[in-house]
Amino acid sequence: MVAAGVEGSNSALNISIFAVFVVITLVIVFRASRSTKTTTDFYAAGRAFTGPQNGIALSGDYLSAASFLGIAGAIAIYGYDGFLYSIGFLVAWLVALLLVAELLRNTGRFTMADVLSFRMKQGPVRTAAAISTLAVSFFYLLAQMNGAGGLVALLLGVTSTAGQALVVSVVGVVMIIYVLVGGMRGTTWVQIIKAVLLIAGAFVMTVWVLGRYGFNLSSLLGDAVDHGGKTGEALLGPGKQYGATGTSRLDFLSLGIALVLGTAGLPHVLMRFYTVPSAKEARRSVVWAIVLIGVFYLFTLVLGYGAGALVGPEKINAAPGKVNSAAPLLAQALGGPILLGLIAAVAFATILAVVAGLTITASASFAHDIYVNVIKKGDRESAKSEVKVARWAAVVIGLLAIVGGILTNGQNVAFLVALAFAIAAAANLPTILYSLFWKRFTTTGALWSMYGGLVITIGLIIFSPVVSGAKTSIFPTAHFDWFPLSNPGLVSIPLSFLLGYLGTVLGKDRADESKFAEMEVRALTGAHAEKAVQH
Amino acid sequence: MGTTEDPAAATPATTDWSEVQASPDFAELRRRLRGFVFPMAGLFLAWYLLYVLLADYAHGFMSTKLFGNITVGLVFGLLQFVSTFVITGLYVRFANRVVDPAADKIRHEIEGDDQ
């Protein structure tokens, strides 16, 4: 079963390095569990992390394997077009910094729905927000678990279906243990360790690549062009991946909009703002996250062109995992099997940490929003069993993710990450912004915008070339692809902003002015915001 | 203060939020915050959209070489990084100098009354 994946890789070495990561993080998670007693501990790590710690964890949550392997590989093959992704992913953080992070920290307790339902009818709005949270988290989770299957083929040479299923299961089980035992505190430490490893690994490789070219970016680009074959020159400008037709250009515009507006609506990003003691620390977290993520994407630019120059697109396309193999192959070319092993382990650690962050978010939303506040209608007694419900939810979500990861193994589900961003931008962001800034916004407006955004986004994907009608579709021979774009954001995001407005204007209900007064004053001043837990 | 497990304890009914909301201090805080974040958000979104549209529809211009193998598109892209870092820095300076003192003052007035 175990054979070389990427040429020259040593599977035993890769697995050993990864195992060391798992053991170290498990020890830390078990230590973190000692101080996890209350719901605030479990969901929000007692709100005791500092801004810089949370900022590192945010970058850990955000920099998935897709953004490491995927972007570096896209730059290696498509050149400039790969770089466009990272810019959308980075600029998006300004929405979180300027409009969302601090206000959300001041008004919520544990979940995104706390803020969305603050001045609305609790039951319906919480339910909608929880459904959207679960949808975004699950699609994102499925993409990561599916990626784990592909990554083992690439890095460990595990190509049998049973072997890949086993690895996906191991990833799922370790992730469930992180969440069950460590809660948010343990999960946050896993994110921090992973982010440090990932960014340090990318830094070392970047310096190494640049060193080969006398720290001259222009000569690195020139070498990438020389190794890029006949179309090598096109690597330096946009259009190689998206420029083919009018539709593909529109598709890229649509993706760009979803990326920039999606981040501030991602529930697992928003939930992290509750782990710090104040709005000021939430602000510091975003600043740290922006700097780390920005610097990391600059590294991937060098790594991508470096892989194009030092490995070459032919070899990358011939390797298992194709585009995703660019960064591991570059590590191999630079530092041999040991560096490859380290980078492989970091890629695994990345998947593990991201799925843990998603699972705790989804389980918190189920337990806190649906169980306590909708099913039990905020009953005090039910709050005592809340953490227990959240833990069970984490197990169920983890198992679903394992099953989903195994069932979709071998399918190309890369579109799921873009879909998660598109849903976050359409179903969550309009309601977050309207709730915080628009006095007249009502429950009807919130429900129209959230359900509308969710249904339109998923509906357009179903009728897009992603699902049918194209060679790369899930059902290539069927034809119900009447919507031409693979990224629905261009249509669904403006529509859900419009629906939020129309629901408010046309709905019979009126905004609760005293609740808005409370929300606005609390959001801006931090009065009676949730404080850190003193142990 | 200890844990804040009880939402009712965190939100005493004694605060008249509407009164605070109507106060000149709060109106000034809101005006200054919105006066900074809304134009800034509009600015960076427009700047980003311009970049995406150029990358999407002006391939020739973006592929023009400025020096060596450095193209207009690469410089434009790197400028998006620069602008993101600059806006982050400007906002933090604004928040520390303007928002925090005003917000702290109002918060102390609210929380001081009922503790």
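The values are calculated or read from the model by the stated rules, or taken from the named source; none is laboratory data. Just so it is clear, the structure is predicted and the values come from calculations on it, not from any experiment. Because the Cβ atoms are built from the backbone with ideal geometry, glycine has one as well, and the counts that use them run over all protein chains shown.
Table: residues versus (1) β-branched (Val, Ile, Thr); (2) buried (at least 20 other Cβ atoms within 10 Å of the Cβ); (3) closer than 30 Å to A:SER514 by Cα.
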residue: A:PHE437; (1), (2), (3): no, no, yes
residue: A:THR443; (1), (2), (3): yes, yes, yes
residue: A:MET450; (1), (2), (3): no, yes, yes
residue: A:PHE475; (1), (2), (3): no, no, no
residue: A:HIS479; (1), (2), (3): no, no, no
Assess whether A:PHE138 counts as being of a type in the set (A, V, I, L, M, F, W, C) and within 30 Å of B:ALA95 (Cβ to Cβ).
no
Based on this model, can you work out whether B:THR4 counts as part of a loop (DSSP other than H, G, I, E, B) and either facing chain A (nearest Cβ under 8 Å) or modelled with pLDDT of 90 or more (or both)?
yes
Turns out the helices (runs of 4 or more DSSP H) fully within the stretch A:348-429 with at least 1 residues that are under 30 Å from A:VAL20 (Cα atoms) and without any contact (Cβ under 8 Å) to a residue 24 or more places away in the chain are A:386-407
Restricting the stretch A:106-118 to residues that are among the hydrophobic types (A, V, I, L, M, F, W, C) and assigned to a helix (DSSP H, G or I), the one nearest to A:ARG185 (Cα to Cα) turns out to be A:MET112
Filtering helices (runs of 4 or more DSSP H) wholly in the stretch A:188-304 for at least 2 residues that are over 17 Å from the mean Cα position of the chain (by Cα), more than 9 Å from chain B (Cβ to nearest Cβ) and surrounded by fewer than 24 Cβ atoms within 10 Å (Cβ to Cβ) gives A:217-227, A:246-262
Of the residues in the stretch A:512-535, those that are in a loop (DSSP other than H, G, I, E, B) and within 24 Å of B:ARG107 (Cβ to Cβ) come to A:ASP512, A:GLY526, A:ALA527, A:HIS528, A:ALA529, A:GLU530, A:LYS531, A:ALA532, A:VAL533, A:GLN534
The residue from A:GLY147, A:GLY172 that alone is small (Gly, Ala, Ser), at pLDDT 90 or above and surrounded by 23 or more Cβ atoms within 10 Å (Cβ to Cβ) is A:GLY172
Checked the stretch A:205-227 for anything among the aliphatic types (A, V, I, L, M) and in contact with a helix residue (DSSP H, G or I) (Cβ under 8 Å, 6 or more places away or on another chain); matches are A:MET205, A:VAL209, A:LEU210, A:LEU217, A:LEU220, A:LEU221, A:ALA224, A:VAL225
Check: Residues in the stretch A:383-397: is at least one surrounded by 15 or more Cβ atoms within 10 Å (Cβ to Cβ) and under 16 Å from A:PHE139 (Cβ atoms)?
Finding: yes
Within the stretch A:487-519, the residues that are touching a residue at least 24 places away in the same chain (Cβ under 8 Å), within 14 Å of chain B (Cβ to nearest Cβ) and under 19 Å from A:VAL115 (Cβ atoms) are A:PHE497, A:ALA511, A:ASP512, A:GLU513, A:LYS515, A:PHE516, A:GLU518, A:MET519
Within the stretch A:48-65, residues buried (at least 23 other Cβ atoms within 10 Å of the Cβ) and assigned to a helix (DSSP H, G or I) come out as A:ASN54, A:GLY55, A:ILE56, A:ALA57, A:LEU58, A:SER59, A:GLY60, A:ASP61, A:TYR62, A:ALA65
Output yes when any residue across the stretch A:402-424 is surrounded by 24 or more Cβ atoms within 10 Å (Cβ to Cβ) and farther than 25 Å from A:PHE68 by Cα, and no when none is. no
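Yes/no matrix, rows are residues, columns are (1) away from every other protein chain (no Cβ under 12 Å); (2) buried (at least 24 other Cβ atoms within 10 Å of the Cβ); (3) part of a helix (DSSP H, G or I):
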{"residue": "A:ILE75", "(1), (2), (3)": "no, yes, yes"}
{"residue": "A:LEU104", "(1), (2), (3)": "yes, yes, yes"}
{"residue": "A:MET120", "(1), (2), (3)": "yes, yes, no"}
{"residue": "A:ALA129", "(1), (2), (3)": "yes, yes, yes"}
For A:ALA309, are the conditions met, namely being part of a helix (DSSP H, G or I) and in contact with a His (Cβ under 6 Å, 6 or more places away or on another chain)? yes
Filtering the stretch A:21-46 down to residues that are among the hydrophobic types (A, V, I, L, M, F, W, C), touching a residue at least 60 places away in the same chain (Cβ under 8 Å) and away from chain B (no Cβ under 14 Å) yields A:PHE21, A:VAL22, A:ILE24, A:LEU26, A:ILE28, A:VAL29, A:PHE30, A:ALA32
